[in-house]
Amino acid sequence: GEYSFYSVVGTVADVGVIVEWNHDRRGRLSTDKFQDDVFLGARVAFNDVQSTEILASFLLDADQATRALAFEMTRRITDRWSWSLESLVFFQIASEDILYDTRRDSFADLKLVYNF
């Protein structure tokens, strides 16, 4: 679930806290890559003229040692231009984990976007 805090510390910024538990009773027999995982995240909306937003999250597999960190940030530069940064980092992926083939797929992506 997600819960939002508004006007944090007397500012116009909003902070959303995200917590989810994905569970499949079949355990390791499940073909779902998120059969027993905990997801924690925070979303910050600065509510400024540039529409600055940040989302940071952490995924923890309760059965395996698998961990993943994700980060996203967006901000408008002008009415037509904006930029975004997105990254995803996998680490500690066990060889028997269904995500093992993605262990080298960490990335960072910076985009400059023109809207017309």
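Give me the net charge for the shell around PHE5: Cβ to Cβ below 13 angstrom, other residues only, Lys and Arg +1, Asp and Glu -1. Here the count lands on -1. For THR52, the amide hydrogen comes within under 5 Å of the amide hydrogens of PHE46, ASN47, ARG76, counting only partners 5 or more places away or on other chains and with H modelled in the peptide plane. When percent of Cα pairs over 23 Å apart is calculated for this entry, the matching label among [x] 30; [y] 56; [z] 45 is [z]. Only Cα pairs under 8 Å and at least 6 apart count here; give the relative contact order of the chain as a rounded whole percent. The value is 16 percent. So what's the net charge close to VAL89: Lys and Arg +1, Asp and Glu -1, counting the other residues with Cβ under 15 Å from its Cβ? My count for the surroundings of VAL89 gives -2.
Since every read-out is calculated from the coordinates, none of them should be taken as a lab result. What you see is a predicted model, and the numbers here were worked out from it, not measured in a lab. Cβ coordinates were reconstructed from backbone atoms using ideal geometry, including for glycine residues, and neighbour counts include every protein chain displayed.
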